[in-house]
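Contents: one structure, followed by commentary.
Every number here is computed from the coordinates shown, using simple stated rules; none is lab data. In this text the structure is predicted, and so the values were computed from the model without any measurement. Because the Cβ atoms are built from the backbone with ideal geometry, glycine has one as well, and the counts that use them run over all protein chains shown.
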Amino acid sequence: MSDRLMLLTYLAGVLLATSLHDLRVLGAGLLLTAALCGRALPRVLRRAVLAILLFNSVVTVSYVALSLWQGTFSPRYVLLVNLRVLLLATMTFLLAERFNPFRAFAFSPSLLFLTSLCYSQVLTLRRLFGEFRHAFRSRSIVRPGLRDLYRHGAATAAFFMRKSVSDAGEIARAMTSRGFFND
Amino acid sequence: MIELERVGYAYGGRTVLDELSFSMAPGEKTVLLGVNGSGKSTLLKILNGLIFPCRGRWRYKGREITARLLKDRDFSRTFRRQVVLLFQSPEAMIFNPTVFDEIAFGPRQLGLEDVDDRVRHWAGRVGVDAFLDRPPFDLSGGEKQKVCLAALLVLEPELLLLDEPTANLDPRSTGWLVDFLQDLPVTTLVTTHNLSLGAELGERTLVLSEEHRLIYDGRIDDLLGDREKLIEANLVHRHRHRHDGTEHRHYHVHQWK
């Protein structure tokens, strides 16, 4: 499958997964996605579950507590929300596994340029994130407590937010300087 | 104190370190020279037990450092206190709400009783005692670097690893750091790609080549006289010069700011 077709299929899948509410259809979609993963299934599924675990747990527990208190609890709704998010995450990680954005956007010089900028930012931020993890491990003489983990997570998130905004401004100025917005 | 035996490291199918063997005695001040991408930071991370060699072995005080050994809580606690690493980017190291908390992080983990005295002592030594109540994120790059240094020295480590410590410093702070490290009674391994600065940071020099191999281990004075070695390590460069109306090219080192 070509990268452009892969991207279109993924976008159609996202549209369907967010607009359909039938558990059987979403379940079938997850099975189909799992089958498409092939040998990469354990890795893709592990990434998808890890990516949604914290957020979905908070949402699910909050919903269950509130709906039980109000007497409106629906197990079908819990299943629907979690199945949908798992399907979307699995599709996304499968796409990330197979998809080459440079080939997919090769038809448009502007999109290709944008893809290159995004990719370079991803590589820079990924390398920096590795440095943050190593530095925290290096400084942790004993297993860090919850408060330390929270502080480190918050400081890391704040740093990356500031850096992303600052880099975006700098890139926009560089593109302006090189005449990208002249047309 | 440190012994490396044919250490190699690869990442993503690419060799980052190749067949490195050397040792360091307690109290030695060593400079690790090499161009960007030669593997200096990777070597420091190996020596800090953050990543592990793909080939060969390395020992700290006679014990081979492995991922398994660092899972031993008692050993890890001792190792992390004795071997510390100053990262090139100070932002990667800071996460506490105030400079005081940043420096106190290690001592508090160890449950030491004199945390307050220790923090104030080391903050004074590196010159950040005026900022103790401020968030470290608001400081300049050089001030952050000093806070990180204090946060490591407060543990009274035995091996101090510094990754390009002058990268964020202005000339005055660079001069201060050179003096500070010379007076510090701790075994140090400092990386830099700045040859002229290397001469100020230690007497013994290790040089990593662009092929990620150790191509020199000896006195810095001898290295400075070994033109072939300097060219091989890409530590000197050549470009056009104009002197009194004549133009010529030769290899040379630019002085550090």
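Restricting to Cα pairs below 8 Å that are 6+ residues apart, what does the relative contact order work out to for chain B? Please round to a whole percent.
Details: 465 pairs, mean separation 63.0, N = 257.
Relative contact order here is 25 percent.
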Quickly estimate the mean residue ellipticity at 222 nm for chain B, helices only: each DSSP H run with n ≥ 4 gives -39500 (n - 2.57), and the total goes over all residues, rounded to 500.
-10000 deg cm²/dmol
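Report the net charge of residues surrounding B:R240, where surrounding means a beta-carbon distance below 11 angstrom and charges are Lys +1, Arg +1, Asp -1, Glu -1.
Taking every Cβ under 11 Å from that of B:R240, the sum is +2.
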Please report the net charge: other residues with Cβ closer than 12 Å to the Cβ of A:D22, K and R +1, D and E -1.
+3
Can you sort B:H239, B:H121 by how many other beta carbons sit within 10 Å, fewest first?
B:H239, B:H121
Long-range amide H partners of B:G8 with built H, under 5 Å
B:E19, B:L20, B:C54, B:R55, B:G56
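Using only the Cα atoms of chain A, build the gyration tensor, take square roots of its eigenvalues as a ≥ b ≥ c, and label the shape rounded, prolate or oblate: rounded if a/c is under 1.5, else prolate if a/b is larger than b/c, else oblate.
Values: a/c = 1.93, a/b = 1.18, b/c = 1.64.
Cα axes put chain A in the oblate bin.
If Rh is defined by the Kirkwood formula over all Cα pairs and Rg also comes from Cα, what ratio Rg/Rh do you get for segment A:3-101? Show your work: numbers first, answer last.
Working: Rg = 14.8 Å, Rh = 14.4 Å.
Expressed as Rg/Rh, it is 1.03.
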Whole-Hz Karplus couplings 3J(HN,Hα) for segment B:91-108, θ = phi - 60° and coefficients 6.51, -1.76, 1.60, Gly and Pro as x, run 4, 5, 9, 9, 7, 8, x, 10, 4, 4, 4, 4, 6, 7, 3, x, x, 5
If only Cα atoms are counted, what is the Rg of segment B:1-160, and what is its Dmax, in Å?
17.0, 48
Count, lysine Cα pairs under 19 Å in the protein assembly as shown, 8 or more residues apart or across chains
9
Under the Karplus curve 6.51 cos²θ - 1.76 cosθ + 1.60, θ = phi - 60°, whole-Hz ³J(HN,Hα) for segment A:149-159, x wherever Gly or Pro sits:
4, 5, 4, 5, x, 5, 5, 5, 4, 5, 4
Overall dimensions of the protein assembly as shown by Cα: Rg and Dmax, Å:
26.4, 92
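Rounded if a/c is under 1.5, else prolate if a/b beats b/c, else oblate: with a ≥ b ≥ c from the C-alpha gyration tensor eigenvalues square-rooted, which is segment A:4-59? Before the final figure, lay out the partial values.
Numbers: a/c = 1.58, a/b = 1.12, b/c = 1.41.
Here segment A:4-59 falls in the oblate category.
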Selection from A:T156, B:V99, B:G175 lying farthest towards where the dipole of the protein assembly as shown points positive, charges on Cβ
A:T156
Quick one: net charge around A:L8, please, counting Lys, Arg +1 and Asp, Glu -1 for every other residue with C-beta under 15 Å from its C-beta.
+2
Find the relative contact order for chain A and round it to a whole percent, using C-alpha pairs within less than 8 Å whose residues are 6+ positions apart.
27
